[in-house]
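Enquirer: Structure incoming, see below.
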Amino acid sequence: MTKHTQAYVAALSPTQRRIAQLGVVFVPIVTQITDILRVGSLAFYYAFKKPIRWREVLQQSFFIGNRSLAFVMIVLGFLGMILIFQSGFQAKRIVGDLQGMGALYLQLLFREFAPTVTALMLATRVGTGIAAEIGSMVVTEQVDALRMNNAEPIQYLVVPRLLASIVMTFVLSCVALCVAFGTGMFVANTVFEVNVATFYNTSLLEWGDLIIFSLKALAYGITIPIIASQAGLAAFGGSEGVGTATTMAVVNASLAVTILDFVLSGVGYIFFFS
Amino acid sequence: MIRIAEVYKYRGHECVINGVNLVIPQGTQVGLIGPGGAGKSLLMKICAGLVRPDSGSVLIDGTEVVGIGDVEMTSVRSKIGMLFQNYALFDFMTVEENIGFPLRQLGGRTEEEIRDEVNRLLLAVDLPNTQKLFPNELSGGMKKRVTFARAVIANPPILFYDDPTAGLDPVTSGKIFALLEERRARGGTTSIVVSHDILGMRDICDSFVLMDHGRIVFSGTREQIEASTRPFVGQFWRGEADD
């Protein structure tokens, strides 16, 4: 707090001071949310406006999709094994019957784990990448150079990442679902001796599960690049500013994924599962 | 012509541009000099519409830059070429794509015409056969020359050079200043050069503006600045340290 601000705060009444303290906490949060919404709305506006840099969309798809594939597969593969191992032990102790485990597990993967855990992985891997790339372009004046040449940075930098992320988050969620189910099936078969044909049970799956899966993948695919791009575009200073932007991108994107998961699960419950 | 009137810019409670008034006549090259942190680059960015001042007015060829919308700013920026202090070359583009970028953005030319113009400029800045290189494959001096080529390719009537020789050796600095001088000699371009290199700037600018702590402390020709009896002006011009 500067000397000027300290003197200003000292002159306030206790009630005014409490309100001012609230402002210190909430004003930066509201400002950031407003900026994320601004970047998001502009990105959607430019996503429907020519020209779209399709070559860049393909490059970003490779970066988001192909380069994240191994990471997502390994994490979801191990998570699938751990989930079945732990839940199998509990189920065996309480119920003793593991016939329905595959059906329940598949439903859980569709509704929750496949899109959400994939998105959390992408928030760290892709979110940092986008924020660092755009952030370093800001601090090296490349974004100013774009503006000086009448190229809108959001159209030029954010839109290709947004389009690539929408497609690749969905694709990666599908891959993650298959991998997690496959590794889960392997553990169920080897540890609990559940037959593969018994484990592969789609009887509990409903259309609502597919819709919620797709909605979540779409929502995360939109949210992660927009939050990361906003963090990058707001970077200032030198390498320290880029570091702050990447940290901000991971924290905000992970928070957004978690909150969206809660909201969309609630929506799913109200419309499909209640 | 560029007309700056009563421009103020605050960072927190600190006034970083403090009531600047300046007129740069059409076709002149002005050297904007001053110690680090004086507000030179910031003032240039305000003129280019990249930073919005807290108050004041900036007229570029009669068009107000402060507070105008994106559409109006597009027509103003198409008149301006800018050489950035940190090169600002797009690292995902080749040299050819970087230099041709302003022409592609303006439209109205074929790819072949753009390529020819890029090749002509690359020869002019003494960088033949670098078309397919990426910025990370170039030295500092080469990057500056590519940035210069990108700034001038569309023949803008206004040019802003932000520290064109920062971090360069004296020989390369000399080459850059020669390019600036060549551009000035052609006439018709209004330009601002921000630099700490007083020696290099002496012969290529029509007049000089000295800034300190966000204010203009002196404005005049080379003869006037050399004849100034004000200690700060004399010390800065001659590069003398405080006693």
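Enquirer: Rounded to the nearest 0.05, what FRET efficiency is calculated for B:Arg202 and A:Ala11 with R0 set to 51 Å and r the Cβ-Cβ distance?
Expert: 0.45
Enquirer: Using a simple charge model, +1 on the beta-carbon of Lys and Arg, -1 on the beta-carbon of Asp and Glu, nothing else, what dipole does the protein assembly as shown show about its Cα centre, in debye to the nearest 20?
Expert: 620 debye
Enquirer: Another question, if that's okay. For B:Ala5, put the label point 7 Å out on the Cα→Cβ axis and report which residues of the range B:35-57 keep their amide N under 12 Å from it.
Expert: B:56-57
Enquirer: Compute the separation of the alpha-carbon centres of the range A:104-137 and the range A:215-274 and state it in Å as a whole number.
Expert: Between the Cα centre of the range A:104-137 and that of the range A:215-274, the gap is 9 Å.
Enquirer: Can you sort A:Ile36, B:Ile198, A:Ile134, B:Ile46 from fewest to most other Cβ atoms within 10 Å of each residue's own Cβ?
Expert: B:Ile198, A:Ile36, B:Ile46, A:Ile134
Enquirer: Could you list A:Ser265, A:Ser203 in order of exposure, starting from the residue whose Cβ has the fewest other Cβ atoms within 10 Å?
Expert: With the sparsest Cβ surroundings first, the list reads A:Ser203, A:Ser265.
Enquirer: Could I ask something else about it? For helix B:140-152, what angle does its Cα long axis make with the longest principal axis of chain B, in degrees from 0 to 90 and rounded to 10?
Expert: Approximately 90 degrees, to the nearest ten.
Enquirer: So for B:Met211, A:Met248, fewest C-beta neighbours within 10 Å to most, what's the order?
Expert: Listing B:Met211, A:Met248 from fewest to most nearby Cβ atoms yields A:Met248, B:Met211.
Enquirer: Explain nothing, just the number: dipole magnitude of chain B about its Cα centre with +1 on each Lys and Arg Cβ and -1 on each Asp and Glu Cβ, in debye rounded to the nearest 20.
Expert: Using only the charged Cβ atoms, the result is roughly 180 debye.
Enquirer: At a threshold of 8 angstrom on Cα-Cα distance, excluding pairs fewer than six apart, so keeping six or more, what relative contact order does chain B reach in percent?
Expert: 27 percent
Enquirer: Still on this structure, I have one more. Please go through the residue pairs A:Lys49/B:Lys143; B:Lys132/B:Lys175; B:Lys79/B:Lys132; B:Lys40/B:Lys175 and name each one whose alpha carbons sit more than 25 Å apart in this structure.
Expert: Distance filter (> 25 Å) returns A:Lys49/B:Lys143; B:Lys79/B:Lys132.
Enquirer: Ignoring everything except DSSP H segments at least 4 long, calculate the 222 nm mean residue ellipticity for chain B; use -39,500 (n - 2.57) per segment, divide by total residues, nearest 500.
Expert: Rounded to the nearest 500, it is -11000 deg cm²/dmol.
Enquirer: Related question: Please say if the range B:127-204 is rounded, prolate or oblate, where rounded means a/c under 1.5 for a ≥ b ≥ c the square roots of the C-alpha gyration tensor eigenvalues, and otherwise the choice is prolate for a/b larger than b/c and oblate otherwise?
Expert: oblate
Enquirer: So what is the 222 nm mean residue ellipticity for chain A from helices alone, if each DSSP H run of at least 4 adds -39500 (n - 2.57) and you divide by all residues, rounding to the nearest 500 deg cm²/dmol?
Expert: After summing the helix terms and dividing by the residues of chain A, the value is -26500 deg cm²/dmol.
Enquirer: Ratio to report: Rg/Rh of the protein assembly as shown, with Cα atoms as the point set and Rh obtained by the Kirkwood method; give two decimals.
Expert: The Rg/Rh ratio comes out at 1.10.
Enquirer: Amide H neighbours of B:Asp212 under 5 Å, at least 5 residues apart or on other chains, H built in the peptide plane: list them.
Expert: B:Val217
Enquirer: Now, a different point. Using Cα pairs under 8 angstrom and six or more residues apart, how large is the relative contact order of chain A, in percent?
Expert: Here the relative contact order equals 30 percent.
Enquirer: Measuring from the lowest to the highest alpha carbon on each principal axis, how far does the range A:53-273 reach, largest first, in angstroms?
Expert: 68, 33, 29
Enquirer: OK, next. Please list A:148-158, A:209-219 highest first by mean number of surrounding beta-carbon atoms within 10 Å per residue.
Expert: Going by the mean number of other Cβ atoms within 10 Å, highest first, we get A:148-158, A:209-219.
Enquirer: Still on this structure, please answer the following. Quick check on the range A:48-150: what does the Kirkwood estimate of hydrodynamic radius come out to from the alpha carbon pairs, in Å?
Expert: About 17.2 Å, per the Kirkwood formula over Cα pairs.
Enquirer: What whole-number distance in Å separates the alpha-carbon centres of the range B:135-191 and the range B:207-223?
Expert: The range B:135-191 and the range B:207-223 have Cα centres separated by 22 Å.
Enquirer: Take chain B, connect every pair of alpha-carbon atoms lying under 10 Å apart with a spring to form a Gaussian network, then pick out the residue of B:Val118, B:Val95, B:Val51 with the largest mean-square fluctuation.
Expert: The residue that fluctuates most here is B:Val51.
Enquirer: Taking the Cα centre of the range A:53-273 as origin and charging only Cβ (+1 Lys, Arg; -1 Asp, Glu), how large is the dipole, in debye to the nearest 20?
Expert: About 180 debye.
Enquirer: Sticking with this one: For the pair A:Val24/A:Ser41, report the inter-label distance in nm, with labels modelled 7 Å from Cα in the Cβ direction.
Expert: That separation, rounded to one decimal, is 3.1 nm.
Enquirer: Let me ask something else. Springs between alpha-carbon atoms under 10 Å, Gaussian network over chain A: tell me which of A:Leu106, A:Leu177, A:Leu12 tops the mean-square fluctuations.
Expert: A:Leu12
Enquirer: Pick from B:Thr63, B:Thr147, B:Thr229: which is most flexible by mean-square fluctuation in a GNM of chain B where alpha carbon atoms under 10 Å apart are linked?
Expert: Highest fluctuation among the options: B:Thr229.
Enquirer: Restricting to Cα atoms and excluding each atom paired with itself, what does the Kirkwood estimate give for chain B in Å?
Expert: 18.6 Å
Here, each number is a calculation from the coordinates, and none is a lab measurement. From a predicted model like this one, the values you see are computed outputs, not experimental measurements. Here the Cβ is made from the backbone with ideal geometry for all residues, glycine too, and neighbour counts use every protein chain on show.
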